[in-house]
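Everything below concerns the one structure shown next.
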Amino acid sequence: MSTVVITGAARGQGAAHAAALADAGYALVLADRMDDAGQRVAAGLRERGADARYYSLDVGDEGGWSALAAQLEDEAQPVVGLVNNAGILRYGRIADTDSATWLLHDRVNALGAFLGIRALAPLMREGGSIVNVSSTAALVGTAGYAAYSASKAAVIALTRVAAIEYAPSVRVNAICPGGVDTPMNDDEPVGGSSTGAPLGRRARPEEISPLVRYLVSDASSFVTGSVLTIDGGLTAT
Ligand SMILES: NC(=O)c1ccc[n+]([C@@H]2O[C@H](COP(=O)([O-])OP(=O)(O)OC[C@H]3O[C@@H](n4cnc5c(N)ncnc54)[C@H](O)[C@@H]3O)[C@@H](O)[C@H]2O)c1
């Protein structure tokens with residue numbers, strides 16, 4: 001069965017994308033560092049008949065990615081997709097952001113996607129699709145998001161380079177959700193910046209998943225190097 005690896009799948013959008021991809025018939029490797037939650041999500045998908053397993057991974061750990069790639073190679077798993085979804089957000093105005101916080105965003109949000117591409121694209125011998133989760137925070141400025149926004153802008157730049165380097169066999173695209181109702185936003189004022197968007201609310205995670213499913217599938221066979229917003233109109237204003 002064709003396997004898709006999805007990071008940050010223990011909760012939030014990653015868990016929703018995993019369910020949508022399971023419904024589409026892919027075998028799933030759910031990678032995260034929240035082991036108990038990740039195991040629960042994988043078990044829930046298996047109860048629904050999916051081929052899903054949890055893999056403990058810190059996306060900023062090069063050795064962890066190598067070990068995952070080696071395991072998939074050993075199992076002769078045909079990997080057809082990678083969703084680089086794991087991410088972190090620590091609010092802070094520039095004046096209050098220290099170097100460690102900046103580098104933490106780089107490590108998880110940007111380096112994590114880079115390591116994932118480098119480790120798994122070579123396994124996509126019969127073609128594949130990589131979806132990098134960026135954010136509208138990379139496209140518009142919002143106070144308190146400097147480290148996060150910069151790391152997500154790096155994801156867009158990485159996407160464009162990877163789309164060129166891995167073409168034509170592997171497609172690489174980025175998505176930019178606006179506000180999505182997940183635990184990541186627990187500290188944000190209700191609605192956050194989404195209240196100013198035409199749709200005036202955050203997305204439910206399940207509203208982002210169809211775009212991920214489309215980009216992973218052959219339905220998007222001519223789409224690569226693209227940066228797709230899915231933001232309730234936030235960036236139209
Ligand atoms: N929630 C939003 O409003 C929003 C908007 C745009 C983009 N995004 C992006 O969407 C993606 C999913 O976020 P979410 O909203 O579901 O948030 P979330 O906090 O609910 O989920 C993030 C997941 O990433 C995992 N993770 C964090 N660091 C990790 C690491 N080092 N290694 C492995 N896993 C790690 C977490 O354990 C968690 O399961 C993130 O990349 C986020 O930046 C979120």
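The values are calculated or read from the model by the stated rules, or taken from the named source; none is laboratory data. All values reported here derive from a predicted model rather than from experimental measurement. Virtual Cβ from ideal backbone geometry, glycine too; neighbours counted across all protein chains shown.
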Exercise for the section: Out of ALA174, ALA203, ALA236, report the one residue that is farther than 26 Å from LEU28 by Cβ, without any contact (Cβ under 8 Å) to a residue 60 or more places away in the chain and of a type in the set (A, V, I, L, M). Expected result: ALA236
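Identify, please: which residue in the stretch 194-237 is in a helix (DSSP H, G or I) and of a type in the set (S, T, N, Q) and is, among those, nearest to ALA154 (Cα to Cα)?
The extreme case among them is THR235.
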Practice task
Scan the stretch 192-230 for residues that are over 23 Å from VAL4 (Cβ atoms) and touching a helix residue (DSSP H, G or I) at 6+ places or on another chain (Cβ under 9 Å) and jot them down.
Solution key: GLY192, SER193, SER194, GLY196, ALA197, PRO198, LEU199, GLY200, ARG201, ARG202
Problem - THR142 modelled with pLDDT under 95, among the β-branched types (Val, Ile, Thr), more than 9 Å from the ligand (Cβ to nearest atom) and more than 18 Å from the chain's Cα centre (by Cα) - result: yes
Exercise for the section: Tell me which residues, restricted to the stretch 30-84, are within 14 Å of the ligand (Cβ to nearest atom) and acidic (Asp, Glu). Expected result: ASP32, ASP35, ASP36, ASP58, ASP61, GLU62
Practice task
Collect the residues in the stretch 131-154 that are touching a helix residue (DSSP H, G or I) at 6+ places or on another chain (Cβ under 6 Å) and either charged (D, E, K, R) or within 30 Å of PRO78 (Cβ to Cβ) (or both), keeping them in residue-number order.
Solution key: VAL131, ASN132, SER134, LYS152, ALA154
Completion exercise
Scanning the stretch 87-120 residue by residue, the ones that are touching a helix residue (DSSP H, G or I) at 6+ places or on another chain (Cβ under 6 Å), aliphatic (A, V, I, L, M) and near the ligand (Cβ under 10 Å from one of its atoms) total 3
Exercise for the section: Can you work out which of the residues in the stretch 145-191 that are of a type in the set (Ser, Thr, Tyr) and part of a loop (DSSP other than H, G, I, E, B) is farthest from the ligand (Cβ to nearest atom)? Expected result: SER169
Handout entry: Selection count, the stretch 1-19, where residues are more than 11 Å from the ligand (Cβ to nearest atom) and either at pLDDT below 95 or more than 15 Å from VAL80 (Cα to Cα) (or both)
Key = 2
Practice task
Select from the stretch 211-237 the residues that are within 24 Å of LEU89 (Cα to Cα) and exposed (fewer than 13 other Cβ atoms within 10 Å of the Cβ) and write down the one among them that is farthest from the chain's Cα centre (by Cα).
Solution key: THR237
Practice task
Kindly provide the set of residues from the stretch 60-111 that are at pLDDT 95 or above and among the hydroxyl-bearing types (Ser, Thr, Tyr), ordered by number.
Solution key: SER66, THR97, SER99, THR101
